[in-house]
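Mind having a look at this structure? Questions to follow.
The values are calculated or read from the model by the stated rules, or taken from the named source; none is laboratory data. Quick caveat, the model's predicted, so the values are computed rather than measured. Note: ideal-geometry Cβ built from the backbone for every residue, glycine included; neighbour counts use all protein chains shown.
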Amino acid sequence: MTSAEMRARAASLLGLAVLFVAVSTTAQSSPAYTFKTLHKFTGGDGAEPLGGLIQDAAGNLYGTTAVRGPYSNGTVFKFDTAGRRLTVLFDFNRGGTVPAAGLIQDADGNLYGTAADGGPYSGGMVFKIDTAGKATVMYKFKRSPDGATPVAPLVVDANGNLYGTTSAGGVSCPPVGCGVVFKVSKTGKETVLYRFAGTPDGWLSDAGLVLDSAGNLYGTTYYGGLYTYGTVFRLDKSGTETVLYSFQGQPDGLVPAAGLIRDGSGNLFGTTEKGGTGSCFGGCGTVFMLDPSGSETVLYNFSGSPDGEYPFASLIRDAKGNLYGTTAYGGSGKCNNGNGQGCGTVFKLTQSKGGWTETVLHSFNGHSDGSYPFAPLLRDAAGNLYGTSYEGGTFSSSCTFGCGTIFRLTP
């Protein structure tokens, strides 16, 4: 996938009987968090961050930009939160392009991630960057039968094996493929754990995986399933896939772009980019919970303004069970590019006896603070929230609507 295709993909994303349980939901705005723009990308240091951030013990943030940098193919960066200084750790060249996903870091400080394009087959790759900044390509995808276009973050097990998804490739869904679930060992050996077929198992997984203590993997597919609107699935250690839920569109949600999070009771929480009861085109999106029996509960239906629309990113959860996330569009801000939909929000969902209440922590305005927060949030031990916006910030000839930002919300 080229950078132009990734931009088109981002723009387009903004562009069996099941048990549905409705809950009472309300929305409110709150000044409880203080918003600050920490960095505005310039293009030379990268642009259009689509992936989430991670943080080391010293408080430094690490992430990726999908495009720009010296070779215009994206970057891996480190941001010193104390000194407010960004360092480009690696610039992608023709060997790999469009690092759309966030990173993971091992105990030794090595970073691992994926690039959606590049390699001899233009299928993308899994890469490692050590503490000295040396990049190693661990695996290059061949499209068929091993997968192509990995746009989701990786997850690692106790033995150092990496697990992920590709949104294309495999052996079904010609011409691009339905995608796969894969494992890459520490030595760079890839094993295809599952190849999607479209119906009823799903296809096109943009989302990262969740790994439980028994070795089961949980994820979502953007399309496919019984109603073609996407699925939640489980893949066990033997490679058997079980569709836990097939989305119907309304009122339960459709096209889940984000990965899942899992609580101690085995409940899965996620978002659907569209669907639900909101009046946006295709629905404004939902936040949902899936219990271990496969029953879905819609925790919140977005309405566009002022609460946000099209939640593209996965959620995070605090010790009290509160959920935090972003919507790519919507909110109360007046977006500078004239799309009329708002530039996105940061939100919090709090549970009470009456249901779940949404609080808008920040509405983006598209200027200095950014626009279109595609990526999930990061929450530190002090409760600060960190994230990135896809556009906004510094406007230039290379970034008509801004190259994107890094931001923080302080409680």
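Residue-by-condition table, conditions (1) out of contact with any Asp or Glu (no Cβ under 9 Å at 6 or more places or on another chain); (2) of a type in the set (F, W, Y); (3) over 16 Å from C335 (Cα atoms):
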| site | (1), (2), (3) |
| --- | --- |
| H367 | yes, no, no |
| G370 | no, no, no |
| P373 | yes, no, no |
| L377 | yes, no, yes |
| F401 | no, yes, no |
| I406 | yes, no, yes |
| T410 | yes, no, yes |
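Consider only pairs whose beta carbons are under 8 Å apart and that are at least six residues apart or on different chains; among these, list those whose first residue lies in region 81-108 and is farther than 20 Å from A152 by Cα and at pLDDT 90 or above and whose second residue is in a loop (DSSP other than H, G, I, E, B) and among the polar types (S, T, N, Q).
The qualifying pairs are T81/N60; D108/T131.
Shifting gears a bit: Of the residues that make up region 330-339, is at least one surrounded by 24 or more Cβ atoms within 10 Å (Cβ to Cβ) and either on the phi > 0 side of the Ramachandran plot or at pLDDT 95 or above (or both)?
Checked region 330-339: at least one residue is surrounded by 24 or more Cβ atoms within 10 Å (Cβ to Cβ) and either on the phi > 0 side of the Ramachandran plot or at pLDDT 95 or above (or both).
In addition: Which of (1) under 25 Å from T359 (Cβ atoms); (2) surrounded by 17 or more Cβ atoms within 10 Å (Cβ to Cβ) does G230 not meet, given it meets every other one?
With respect to (1) under 25 Å from T359 (Cβ atoms); (2) surrounded by 17 or more Cβ atoms within 10 Å (Cβ to Cβ), G230 is out only on (1).
Further, regarding this structure: Please verify whether region 43-52 includes one or more residues that are touching a Gly at 6+ places or on another chain (Cβ under 9 Å), under 27 Å from G330 (Cβ atoms) and among the charged types (D, E, K, R).
yes
Out of A375, A381, which single residue is farther than 19 Å from G74 by Cα, part of a loop (DSSP other than H, G, I, E, B) and out of contact with any helix residue (DSSP H, G or I) (no Cβ under 6 Å at 6 or more places or on another chain)? Don't jump to the end; show me each part of the working.
On the way: A375 fails: farther than 19 Å from G74 by Cα.
None of the other options fit; the residue is A381.
Sort out which residues of region 139-171 are surrounded by fewer than 19 Cβ atoms within 10 Å (Cβ to Cβ) and not hydrophobic (A, V, I, L, M, F, W, C), and write them in order of number.
Answer for region 139-171, where residues must be surrounded by fewer than 19 Cβ atoms within 10 Å (Cβ to Cβ) and not hydrophobic (A, V, I, L, M, F, W, C): K142, P145, D157, N159, G160, N161.
Could you tell me which of the residues Y310, Y229, Y245 is under 17 Å from Y329 (Cβ atoms) and of a type in the set (S, T, Y)?
The conditions single out Y310.
Could I ask something else about it? In the list G354, G321, G325, G294, which residue meets the criterion of being in contact with a Leu (Cβ under 6 Å, 6 or more places away or on another chain) and either among the aromatic types (F, W, Y) or surrounded by fewer than 20 Cβ atoms within 10 Å (Cβ to Cβ) (or both)?
Only one candidate qualifies: G294.
Which number in (1) in contact with a Pro (Cβ under 9 Å, 6 or more places away or on another chain); (2) surrounded by 24 or more Cβ atoms within 10 Å (Cβ to Cβ); (3) over 23 Å from G160 (Cα atoms) marks the one condition that A207 misses?
It fails just one condition, (3).
Let me ask something else about it. Is it true that some residue in region 254-270 is among the β-branched types (V, I, T) and touching a helix residue (DSSP H, G or I) at 6+ places or on another chain (Cβ under 9 Å)?
As a first pass, look at region 254-270 and keep what is among the β-branched types (V, I, T): 255, 261.
If we keep only those that are touching a helix residue (DSSP H, G or I) at 6+ places or on another chain (Cβ under 9 Å) as well, we get 255.
Checked against the condition, which is being among the β-branched types (V, I, T) and touching a helix residue (DSSP H, G or I) at 6+ places or on another chain (Cβ under 9 Å), region 254-270 yields at least one hit.
I would also like to ask the following. Out of curiosity, is V232 β-branched (V, I, T) and over 17 Å from the mean Cα position of the chain (by Cα)?
On the way: β-branched (V, I, T): yes; over 17 Å from the mean Cα position of the chain (by Cα): no.
When the stated conditions are applied, V232 does not pass them.
For the structure I just gave you, tell me whether T242 is among the polar types (S, T, N, Q) and within 17 Å of T165 (Cβ to Cβ).
Spelling it out, T242 is indeed among the polar types (S, T, N, Q) and within 17 Å of T165 (Cβ to Cβ).
Which one of these is within 25 Å of V151 (Cβ to Cβ), buried (at least 19 other Cβ atoms within 10 Å of the Cβ) and not aromatic (F, W, Y): G239, G249, G282, G259?
That would be G259, the only listed residue that is within 25 Å of V151 (Cβ to Cβ), buried (at least 19 other Cβ atoms within 10 Å of the Cβ) and not aromatic (F, W, Y).
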